[in-house]
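The values are calculated or read from the model by the stated rules, or taken from the named source; none is laboratory data. What you see is a predicted model; the values in this text were computed from it and never measured. Please note: Cβ atoms are built from the backbone with ideal geometry, for glycine as well, and neighbour counts cover all protein chains shown. We work out accessible area using only protein heavy atoms, side chains counted, and drop any ligands, DNA or RNA first. Shrake-Rupley method; radii C 1.70, N 1.55, O 1.52, S 1.80 Å.
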Amino acid sequence: VLCQRAKVAMSHFEPNDHINYEKLEKNINIVRKRLDRPLTLSEKIVYGHLDDPAKQEIERGKTYLRLRPDRVAMQDATAQMAMLQFISSGLPKVAVPSTIHCDHLIEAQSGGENDLRRAKDINKEVYNFLATAGAKYGVGFWKPGSGIIHQIILENYSYPGVMLIGTDSHTPNGGGLGGICIGVGGADAVDVMAGIPWELKCPKVIGVKLTGKLSGWSSPKDVILKVAGILTVKGGTGAIIEYHGPGVDSISCTGMATICNMGAEIGATTSIFPYNDRMKKYLGKTGRADIAALADEFKQHLVPDSGCHYDQVIEINLSELKPHINGPFTPDLAHPVSDVGAVAEKEGWPLDIRVGLIGSCTNSSYEDMGRSAAVAKQALAHGLKCKSKFTITPGSEQIRATIERDGYAKILRDVGGLVLANACGPCIGQWDRKDIKKGEKNTIVTSYNRNFTGRNDANPETHAFVTSPEIVTALSIAGTLKFNPETDYLTGADGKKFKLEAPDADELPKMAFDPGQDTYQYPPKDGSGQRVDVSPTSQRLQLLEPFDKWDGKDLEDMLILIKVKGKCTTDHISAAGPWLKFRGHLDNISNNLLIGAINIENGKANSVRNALTQEFGPVPDTARYYKKMGVKWAVVGDENYGEGSSREHAALEPRHLGGRVIITKSFARIHETNLKKQGLLPLTFADPADYNKIHPVDKLSIVGLADFAPGKPLKCIIKHPNGSQETIMLNHTFNESQIEWFQAGSALNRMKELQQKSS
């Protein structure tokens, strides 16, 4: 029986790679015996993937775990650098099932087919590189038009108990199917693809107990919007958010994925739901009933133990939860929809909604499209169309084909919508927006996940709000933030007033999903003869050169490139949008380094003082000048530095341009790890008030690096222009192996050193 159990494939695309619940069970039992206490679901799956469960030191929030994830997924914008690093490793083939998904490089312009055709032409060189690199190294390749990485993972690769890492911060979407799915930088993905144990600080576990039942206009999106308002953008840092309680069963599988997806916005390592019948139903409808049957047999390991302990508990009564809308400019500024109009009037935010946008990796399921269509259908019945511009982004080719077949797409077009390509599009700034000029104050509402300044359209005056797809649709029909669909009336074409009824739609299609076009490229059994070309004159791709090793000396008299004021996300550090085309070319992408960060010296973006010339200029140009002159430099930042995307370019760029140290009040998890991987020193003020002691004109020295050790603070000497000095202490989270990354110059350099020793 056990032998038969082991023969269930992880996915249809990898029939020879099987789910190994037996190993998960064995590891869980070893750890449970050692810890002698009930385990949370998060602990079961994380500890179930330990490299050495018998000897691994385990303490939540403190020790580093060495883990063996089951698979890797990469989106095309981050896969370029990940595959370039894997090529540099010299390894012949990936050690675990891995996939590349083309979703980030398709710009929304005139509609799905035209935009996809244009993207294939513009990005031909990059797509060819990813396809051939995938073929050579054994990586599956999802072609442009396939859909958004996280929807593809949910449909094909996530399953209860899986541990999957992905080079995108919204990888936790797979938690909707009971998996531990974690967003990482490309260097982390390279470790896993190379067969090296992957390191993760042992996460704390925040429990969110759900009671009651969702109904009316309330949706799964409102759960995470409410949680974001409670925990804020950094409240989940270093923790897994584990949902539990009787309310869980009232949420669809794709709804659970929505909640897990946006856990990235509160800094969580990942989020997860326990295995239940809603997941079983989704697995069956997506052709994976065999996985559901196997999960049923091992269900005791796919739910939390009774009496398990959470580090923090939040309780939400779904029956009392009201529709929410969060924003602008940050995803944790939560408002009930009923209040946002009055708040907007008070704050001076534009009330007229210029564009409503539904879709994205967070909300593009069949159920999402159905609920939006249900709202649109009511408006059409009364002769109304959207007052705002309205766009629809299907999550995958399967979703696109199915909503076309079942009539949802036609309803959404009839109400005034434009169906975009199966891709990220405006959610990540891939939007050729024409209806406003840059600098024009305006409001948009989206069903996306992030709403940082300028993220969607590069306009810092766009006030972006995030909410559920059905609320976006209702607000787009009304055209104003002051509309509350629960209480307010619309006026039909006949002059009669009517109220929208709460939408109702099937969570899954009655018939089977329509798969649409076949967009998957299998890697060949033997890819050793496959050629992968990177032209030395390419402006899109560039082979990587190793970073320099630490010289064994203290970092003395570093200049301060910029002292950042306030929020500094990875969008501020390495902007997306038009810069996405350079994600495979480190030198070119480095021209966007910190161009969105606000300089505390003058309150401006992309304007810093060159300490050697005393002239103000762009941040990247100043960094290049320092590098040319052989001068090391540092960045000083504020709270939660590097929140947002997993893009490791935000770490590669400062390293490439000569940076050595980033000092902040606190870091976002993924960015801190990415900085370590590239040989930089991410350090935090032992006393956050010391942020005020450093001025942009000072010089900094980090001393005591010869005795650099885990848990031992480092000393920073601040030299002021008047000759005076003061000393502050800086903390770090390096363990022994991470210190070796710094000493070797990068984690990749250290990997090569170990390979040379073993050979």
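Numbers for the structure displayed
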{"item": "Residue, least open to solvent (accessible area, probe 1.4 Å), within segment 377-395, restricted to residues that are in a strand (DSSP E or B) and not hydrophobic (A, V, I, L, M, F, W, C)", "result": "Thr391"}
{"item": "Residues that are open to solvent by less than 10 Å² (accessible area, probe 1.4 Å) and charged (D, E, K, R), drawn from segment 214-231", "result": "Lys221, Asp222"}
{"item": "Which numbered condition Gly263 misses (of (1) more than 30 Å from Gly327 (Cβ to Cβ); (2) assigned to a helix (DSSP H, G or I); (3) in contact (Cβ under 8 Å) with a residue 40 or more places away in the chain)", "result": "(1)"}
{"item": "Test result for Asp51, closer than 25 Å to Tyr275 by Cα, open to solvent by 50 Å² or more (accessible area, probe 1.4 Å) and touching a residue at least 60 places away in the same chain (Cβ under 8 Å)", "result": "yes"}
{"item": "Selection status of Ser319, open to solvent by less than 10 Å² (accessible area, probe 1.4 Å), in contact with a helix residue (DSSP H, G or I) (Cβ under 9 Å, 6 or more places away or on another chain) and not hydrophobic (A, V, I, L, M, F, W, C)", "result": "no"}
{"item": "Counted residues, segment 513-525 - those being open to solvent by 60 Å² or more (accessible area, probe 1.4 Å) and either at pLDDT below 95 or farther than 20 Å from Phe86 by Cβ (or both)", "result": "4"}
{"item": "Among (1) in contact with a Phe, Trp or Tyr (Cβ under 9 Å, 6 or more places away or on another chain); (2) at pLDDT 95 or above; (3) not basic (Lys, Arg), the one test that Gln75 misses", "result": "(1)"}
{"item": "Residues satisfying the stated conditions in segment 721-733, i.e. more than 31 Å from the chain's Cα centre (by Cα), open to solvent by 30 Å² or more (accessible area, probe 1.4 Å), farther than 13 Å from Glu556 by Cβ and not charged (D, E, K, R)", "result": "Pro721, Asn722, Gly723, Ser724, Thr727, Met729"}
{"item": "Inter-residue pairs, beta-carbon under 6 Å, first at positive phi and in segment 397-419, second assigned to a loop (DSSP other than H, G, I, E, B) and open to solvent by 40 Å² or more (accessible area, probe 1.4 Å), 6+ apart", "result": "Gly416/Lys385"}
{"item": "Count of residues meeting criterion [closer than 19 Å to Leu561 by Cα, touching a residue at least 60 places away in the same chain (Cβ under 8 Å) and hydrophobic (A, V, I, L, M, F, W, C)] in segment 704-734", "result": "1"}
{"item": "1 or more residues acidic (Asp, Glu): qualifying strands (runs of 3 or more DSSP E) within segment 83-201", "result": "198-201"}
{"item": "Meets criteria (modelled with pLDDT of 95 or more, charged (D, E, K, R) and either more than 21 Å from Glu653 (Cα to Cα) or surrounded by fewer than 19 Cβ atoms within 10 Å (Cβ to Cβ) (or both)) for Glu753", "result": "no"}
{"item": "Single residue of segment 322-372 satisfying the filter (part of a strand (DSSP E or B) and farther than 25 Å from Ile266 by Cα) that is nearest to the chain's Cα centre (by Cα)", "result": "Val355"}
{"item": "Verdict on Ile562 being open to solvent by less than 10 Å² (accessible area, probe 1.4 Å), within 28 Å of Ser724 (Cα to Cα) and outside the structural domain of Cys427 (by the TED database)", "result": "yes"}
{"item": "Qualifying residue in segment 411-422 (condition: in a helix (DSSP H, G or I), out of contact with any Asp or Glu (no Cβ under 7 Å at 6 or more places or on another chain), open to solvent by less than 10 Å² (accessible area, probe 1.4 Å) and within 17 Å of Ser364 (Cβ to Cβ))", "result": "yes"}
{"item": "Helices (runs of 4 or more DSSP H) enclosed by segment 600-692 - at least 2 residues per element that are open to solvent by 40 Å² or more (accessible area, probe 1.4 Å)", "result": "619-628"}
